[in-house]
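Taking it in order: structure first as structure tokens, then the write-up.
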Amino acid sequence: MKSFNAGGRLGRVTKEISGYLTVVRPFVVKLDAALKPYFDDKLASEELDKAKNELDAADTKQEVGLANLPEATLQVYEAKGRVLHLIEELNRLAKNAFDGQAEIVGKFNKDILLRGRAPRGPAQPKVADPPG
């Protein structure tokens, strides 16, 4: 258990997840034979390597793509990230402030915002009212 302890939450930080996969790899290698049945007779260490390589490649592709974005787009993405962070912080605070009041806590839910965003189709031309 200690060998696989990440030392805290990895969250969604790609570099931390990739680093964790590197750290646990030697322990996965030791368990390859025992884990084989759970990986369709493949080595778990090879599957870990494959997942890590794909994760690293996707991260590199994303970082290169971000580096090539126009400054205005980067500013919009940064603002959206700050707003999302603040919404998540507000939701955490509300859960503490309204502990035991499920009806109120339920209103502090990011999914409500996502449901409220209706997909937009192509703009429909306005039809002029008939004269008269």
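Values for this structure:
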item: Computed over the chain: relative contact order in percent, which uses C-alpha pairs under 8 Å that are six or more apart; result: 14 percent
item: Candidate lysines - alpha carbon under 28 Å from Lys107, same-chain residues fewer than 8 apart omitted; result: Lys80, Lys95
item: The chain: calculated mean residue ellipticity at 222 nm from DSSP helix runs of at least 4, using -39500 (n - 2.57); result: -20000 deg cm²/dmol
item: Estimated FRET transfer efficiency when R0 is 30 angstrom, pair Asn96-Leu10 (beta carbons, to 0.05); result: 0.80
item: Stretchable slack from Asp111 to Tyr38, in nm (0.36 nm times residue separation minus alpha-carbon distance); result: 22.9 nm
item: Peptide ranges 42-53, 61-72 listed from the most packed, as the mean C-beta count within 10 angstrom indicates; result: 42-53, 61-72
item: Efficiency of FRET from Cβ geometry, Val29 and Glu63, R₀ 25 Å, rounded to 0.05; result: 0.30
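Just so you know, all these numbers are worked out from the coordinates, no wet-lab data involved. All of these numbers come straight from a predicted model, not from anything done at the bench. Note that each Cβ is placed from the backbone with ideal geometry, even for glycine, and that neighbours are counted across all protein chains shown.
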